[in-house]
1. Among (1) closer than 23 Å to Ile73 by Cβ; (2) in a loop (DSSP other than H, G, I, E, B); (3) at pLDDT below 75, where does Gly187 come up short?
2. Identify, by number, the condition in (1) open to solvent by 10 Å² or more (accessible area, probe 1.4 Å); (2) assigned to a helix (DSSP H, G or I); (3) within 20 Å of Ala80 (Cα to Cα) that Glu39 doesn't meet.
3. Residues in the range 1-25 that are farther than 14 Å from Ile173 by Cβ and not in a helix (DSSP H, G or I): how many?
4. Which count do you get for residues in the range 42-59 that are of a type outside the set (D, E, K, R) and either closer than 30 Å to Arg143 by Cα or crowded, with 19+ Cβ neighbours inside 10 Å (or both)?
5. Mind checking which residues of the range 93-115 are surrounded by fewer than 12 Cβ atoms within 10 Å (Cβ to Cβ) and closer than 22 Å to Asp33 by Cα?
6. Whether any residue in the range 60-74 is open to solvent by 20 Å² or more (accessible area, probe 1.4 Å), among the aromatic types (Phe, Trp, Tyr) and not in a strand (DSSP E or B) is what I want to check.
Amino acid sequence: MLTIQIVEDDRALSEGIMLALSEPGMEFLQSGDIKSAKEMFEDSNPEIIILDVNLPDGSGYDYLAWVRDSSQIPVLILTANDMETDEVRGLTLGADDYVTKPFSLAVLRARIKALIRRAESMPGHVRGENTYEEDMFFFDFERLAFSKGGKDISLSVNEQRLLRLLVENRGRIITRDILVDRLWSDGGEYVDENALSVTVNRLRGKLADKEDAASYIQTVYGQGYMWKKQV
C-alpha cells in the first residue's frame, strides 16, 4: 500500500487532489495544519507528501524541514506564490518538486507519478493488491480481468478506468468534472458533453440487470457518481 499525505488547509482542494490521484493500492492521509500533519507522519509513515506552503499554524517550509530531519521521502510543494525565491527555498530545504496554484490536475498527476516511481524504488515499499471482490463481482485491475457470477465481462478502456475510479473511492462521491478529467485528459478522446453519461450507462448495463442497474453505480444528482451497493 502506497501512503500519500496531503497537507492542505483547503478541504475541497485536498479532496479534489485525493480523488484525482487515487488508484488501487493507495491510501491518503489528510491534514489541515502542521500539528496534525506531524502526528500523522509519526503514526503512519507516509511515502509521499503533497505540502501546501501557507498553513494556519505556520509555514509548510517548516514542516518540510522537520520531515527532512528524519526522512528523505519525496515531497511536492503546493503554493500560490510564483516567485523564484520561494521555489529556490523549497528546493533548498529538500523538496523534490514544486507546483504553483492554480494548477492542472493532469500536470499534478504527472508530477506525482514521477515521485511515486521514486517512492516505489525505496527499500521496504510494497504495493497493495489490485483486485476487488463483492457479491458476484470480481475485478482484477492489474490483469484487466473482470467477471460477474463467474462469467467474464468485456469492458472498454474508459469503462475500465471509470470502474477503477469508482471502486477505489467506493462510498465517496466523485464529481463529473474529476471523472471527465481522469477519463479523457490522458490522450482519450472527449466526444461531447454527454460522453461521461454514456460511459456510465454502458458500464451499468454490463455490471447489472436492468432492474438494479443503479444499485452499484449511484447517481448523486447535481454532484456526480459513487460506487455503493444498496442495502
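1. (1)
2. Every listed condition holds for Glu39 apart from (3).
3. Total meeting the criteria: 13.
4. The initial filter retains those residues of the range 42-59 that are of a type outside the set (D, E, K, R), namely 44-46, 48-51, 53-56, 58-59.
Next cut, either closer than 30 Å to Arg143 by Cα or crowded, with 19+ Cβ neighbours inside 10 Å (or both) only: 44-46, 48-51, 53, 55.
Qualifying residue count for the region: 9.
5. The one that is surrounded by fewer than 12 Cβ atoms within 10 Å (Cβ to Cβ) and closer than 22 Å to Asp33 by Cα: Pro102.
6. yes
The values are calculated or read from the model by the stated rules, or taken from the named source; none is laboratory data. Because the structure is a prediction, the values reported are computed rather than measured. Cβ coordinates were reconstructed from backbone atoms using ideal geometry, including for glycine residues, and neighbour counts include every protein chain displayed. Calculation scope for accessible area: heavy atoms of the full protein, side chains included, ligands and nucleic acids excluded. Shrake-Rupley method; radii C 1.70, N 1.55, O 1.52, S 1.80 Å.
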